[in-house]
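Beneath this line is the structure, given in structure tokens, with notes to follow.
The values are calculated or read from the model by the stated rules, or taken from the named source; none is laboratory data. Since this is a predicted model, take the numbers as computed values, not measurements. Ideal geometry is used to build each Cβ from the backbone, glycine not excepted, and the neighbour counts take in all protein chains shown.
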């Protein structure tokens, strides 16, 4: 995924930039960076690897050495950024969040147009942020360049540009990711997560609309390109990625998760002793379930947070599985002899939740009824790098469908996303058996949409139903 934060201030912005960027650490995996502009010193930048050390530790020295009245920062799941670009538009810094599906096509087009080269990253791929900058530079000015990039990119791309005069914030064309604006005396900020600026003294100003481009300065926020009418914000932000204190389109993440759990409870018919969530993101869903059902909420699994990062962070599946196992500590007195409903945000590959259920059985659980807070994942994310899986067969639901249909791309795949069909029920039964759960019931997509509270036409639900 990745996150971003920008500040335009009449004073030195480094304190706000440092902590505002750090507040996005839950979204990132590999790299973090900050770039600032000072009228006397020009541009300055720092990028560090944060795979094995937190943001604040890596950037503690930089925050005292760097200075400027405007700056942008990023927590990146892949690309080193921000980049500082010298072009016919002048010099600017750039950060991006999103995914480009037509990278090779764009690269080839740029080469044919005279672009000389791209710097390959260690994995042999082109840095997506560098590619976006190259596309922007094909037009006469930065605003036209940002619009051009949105037109050409297949996927999704939100961009922050730091120029000597303003931060240009461009939300992706269909608003799949949020762009929130905060304000306080003498400063404005732009942020992926709305909570990231609250403790820095900012208050909510507004959110950019889909495709909107705005100039953020210490004096205010000016819309340069008006937003479009169509929006497809990622519903999975509320289910998993978003931080509980954040709100997108006016809807709080924690409250949405309570709603999810409540709707799961309304459709359930089991009679467990307790309901528990896989920490952290499953916890709020479990609270909602408990509040609705009257089943006591319990914490039989405690997450050890001081040294173990989020399990999605390492690139190797074996490392993710190890972290997922090592960071969960059992509370024997809350497990032994209990029948429990266990809620997690999702089942992706199936490895971690299977191990968690086995872990509970080993410590004496009598029954483990699993209730994922979203529907079965049947499609790889095309827009936000939710999963960098090389194959759809990494998804447990797809593997089971292949086993049932004998092919990876059955003609009736849409029936497996409809909870009213026999195909769906057989798929869920097979997943339940393979995972060794006592029972399995997924959150329905219609209930998930109701849990968010936005019309379905405004939500991206591609990973569940394949509808763009």
| request: Determine if segment 363-384 includes at least one residue that is farther than 27 Å from residue 439 by Cβ, crowded, with 20+ Cβ neighbours inside 10 Å and out of contact with any helix residue (DSSP H, G or I) (no Cβ under 6 Å at 6 or more places or on another chain). | output: yes
| Name the residues in segment 223-255 that are more than 16 Å from the chain's Cα centre (by Cα) and over 30 Å from residue 147 (Cα atoms), would you? | 255
| request: Collect the residues in segment 254-275 that are touching a helix residue (DSSP H, G or I) at 6+ places or on another chain (Cβ under 9 Å) and free of Cβ contacts under 8 Å to residues at least 24 places away in the same chain, keeping them in residue-number order. | output: 255
| request: Look through segment 151-169, keep the residues that are surrounded by fewer than 23 Cβ atoms within 10 Å (Cβ to Cβ) and within 21 Å of the chain's Cα centre (by Cα), and return whichever of them is nearest to residue 33 (Cα to Cα). | output: 155
| For residues in segment 343-361 being touching a strand residue (DSSP E or B) at 6+ places or on another chain (Cβ under 6 Å) and assigned to a helix (DSSP H, G or I), which is farthest from residue 434 (Cα to Cα)? | 360
| field | Within segment 101-151, tally of residues that are assigned to a helix (DSSP H, G or I), within 24 Å of residue 380 (Cβ to Cβ) and in contact (Cβ under 8 Å) with a residue 60 or more places away in the chain | value | 1
| Residues in segment 223-244 that are touching a strand residue (DSSP E or B) at 6+ places or on another chain (Cβ under 6 Å), farther than 22 Å from residue 284 by Cβ and touching a residue at least 24 places away in the same chain (Cβ under 8 Å): how many? | 3
| said: Can you go through 331, 348 and tell me which one is at pLDDT 90 or above, buried (at least 17 other Cβ atoms within 10 Å of the Cβ) and in the same structural domain as residue 265 (by TED's automatic domain parsing)? | reply: 348
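For residue 439, state whether it is over 16 Å from residue 240 (Cβ atoms) and in contact with a strand residue (DSSP E or B) (Cβ under 6 Å, 6 or more places away or on another chain). Quick ask: steps written out before the conclusion?
Working: over 16 Å from residue 240 (Cβ atoms): yes; in contact with a strand residue (DSSP E or B) (Cβ under 6 Å, 6 or more places away or on another chain): yes.
Considered against the rule, which asks whether it is over 16 Å from residue 240 (Cβ atoms) and in contact with a strand residue (DSSP E or B) (Cβ under 6 Å, 6 or more places away or on another chain), residue 439 comes out as yes.
For (1) farther than 17 Å from residue 447 by Cβ; (2) at pLDDT 95 or above, each residue gets a yes or a no:
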| position | (1), (2) |
| --- | --- |
| 239 | no, yes |
| 257 | no, yes |
| 261 | no, yes |
| 277 | yes, yes |
| 288 | no, yes |
| 291 | no, yes |
| 306 | yes, no |
| 312 | yes, no |
| 317 | yes, no |
| What's the number of the condition residue 269 fails, among (1) under 30 Å from residue 366 (Cβ atoms); (2) part of a helix (DSSP H, G or I); (3) modelled with pLDDT of 95 or more? | (2)
| message | Can you pull out every residue in segment 293-304 that is assigned to a strand (DSSP E or B) and at pLDDT 95 or above? | response | 297
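Take segment 391-404 and flag every residue that is outside any helix (DSSP H, G or I) and either surrounded by 18 or more Cβ atoms within 10 Å (Cβ to Cβ) or touching a strand residue (DSSP E or B) at 6+ places or on another chain (Cβ under 8 Å) (or both).
395
Would you be able to tell me the number of residues in segment 425-456 that are outside any loop (DSSP other than H, G, I, E, B) and without any contact (Cβ under 8 Å) to a residue 40 or more places away in the chain?
Restricting attention to segment 425-456, the residues satisfying the condition of being outside any loop (DSSP other than H, G, I, E, B) are 425-435, 439-440, 445-452, 456.
With without any contact (Cβ under 8 Å) to a residue 40 or more places away in the chain added as a condition, the list becomes 425-426, 429-430, 433, 446, 456.
Total meeting the criteria: 7.
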| field | Cβ-Cβ under 9 Å pairs, at least 6 apart or on other chains, segment 288-306 side outside the structural domain of residue 341 (by TED's automatic domain parsing), far side buried (at least 20 other Cβ atoms within 10 Å of the Cβ) and part of a strand (DSSP E or B) | value | none
| said: Looking at segment 120-140 only, could you name the residues that are farther than 21 Å from residue 160 by Cα and touching a strand residue (DSSP E or B) at 6+ places or on another chain (Cβ under 9 Å)? | reply: 120
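Check whether at least one residue in segment 405-414 is touching a residue at least 40 places away in the same chain (Cβ under 8 Å) and buried (at least 16 other Cβ atoms within 10 Å of the Cβ), and report yes or no.
Yes - at least one qualifying residue is present in segment 405-414.
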| message | Filter segment 19-47 down to the residues that are under 12 Å from residue 67 (Cα atoms) and surrounded by fewer than 24 Cβ atoms within 10 Å (Cβ to Cβ) and list them by number. | response | 38, 39, 40, 41, 42, 43, 44, 45, 46
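Find the residue count for segment 48-100, including only residues that are in a helix (DSSP H, G or I) and surrounded by 13 or more Cβ atoms within 10 Å (Cβ to Cβ). Before the answer, list the steps.
So the first thing to find is which residues in segment 48-100 are in a helix (DSSP H, G or I), and the list is 55-59, 62-65.
Remaining after also requiring surrounded by 13 or more Cβ atoms within 10 Å (Cβ to Cβ): 55-56, 58-59, 62-63.
Final tally of qualifying residues: 6.
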